[in-house]
Every structure is written in C-alpha cells, then in structure tokens.
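A.B. asks: Take this structure first; my questions come after.
Bear in mind that the values in this text are calculations on the coordinates, not laboratory data. It should be emphasised that the depicted structure is a prediction, and the values quoted were computed from it without experimental measurement. When we count neighbours, we look across all protein chains shown, and the Cβ atoms used for this are built from the backbone with ideal geometry, even at glycine.
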Amino acid sequence: MPGTLVDNTANHRFELAEPGGTAFVDYRRSGSTLILVHAEVPASLRGGGFGARLVRETLELIRSRGETIVPACPYVRSFVDRHQEFADLVRAP
C-alpha cells in the first residue's frame, strides 16, 4: 500500500514515507503562502517517479487548503513549469 503524504508542521515539511525511506519537501510559511525551499528523495527511492509523486501530492494538498506557493526549490519550480495545471498555485510577485 502506498504511503500517505503528511504535513509535518513541527519540522515544516511534507513527508511521504515508503519502505526504503522518507522523501520530503521543506517549506517556510508566510501567511497562506508556502515557500517550498527544498525537495529530497532518498537514493533508494529515486528513478521511478517518486519525486514527481511527492511534489504532485504536496501541490494537491496545498490546493485543497486554498493556499499558494513560492517554488524556491529548483525541482519544484521545474515540476510546476512542466505541469501547468499547478501554475495557478504560484503566488504572483
């Protein structure tokens, strides 16, 4: 059974645990905007779309809460650029 994304507010990160490790997206909060600063996937989970799944589920959760993002992490920025269905989440400057 696949893991479930968790917002670990104590550590300011979204986490997705699977056998082999926990992937995460670190964030800083500014009101209803989340600055996504770093995404990391353990080596044992790389290559098979796990990073994309982590970011997609993170963005879907953020959308469901009516929040916006600043994609400071290069991987998250690249993901949003490739998946324009999430472009509306990016806070306008």
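A.B. asks: If I model a spin label at Glu85 and Ser32 as a point 7 Å from the Cα along the Cα→Cβ vector, what separation in nanometres do I get?
C.D. replies: 2.3 nm
A.B. asks: Once you keep just the Cα pairs under 8 angstrom separated by 6 or more residues, what percentage relative contact order results for the chain?
C.D. replies: Here the relative contact order equals 22 percent.
A.B. asks: Here is a follow-up. Hand me the trypsin sites (Lys or Arg not before Pro) from the range 1-88 located in a DSSP loop with no more than 15 other Cβ atoms within 10 Å, in residue order please.
C.D. replies: Arg46, Arg65
A.B. asks: Quick check on the chain: of the DSSP beta bridges with both residues there, what percent are antiparallel, nearest 5%?
C.D. replies: 75 percent
A.B. asks: Between Arg46 and Ala72, with labels modelled 7 Å along Cα→Cβ, what's the label distance in nm to one decimal, could you check?
C.D. replies: 2.3 nm
A.B. asks: OK, next. So if R0 is 25 Å, what FRET efficiency would Ala17 and Ala92 give, r being the distance between their Cβ atoms, rounded to the nearest 0.05?
C.D. replies: My answer for the efficiency is 0.15.
A.B. asks: Taking the chain as the reference, fit the longest principal axis to its C-alpha atoms, fit the long axis of helix 50-64 to the helix C-alpha atoms, and give the angle between the two in degrees, 0 to 90, nearest 10.
C.D. replies: 40 degrees
A.B. asks: Evaluate the Debye formula for the range 6-89 with equal point scatterers sitting on the alpha carbons, no solvent, and hand back log10 of I(q)/I(0) at q = 0.16 Å⁻¹, in q order, two decimals.
C.D. replies: Normalising to I(0) and taking log10 leaves -0.55.
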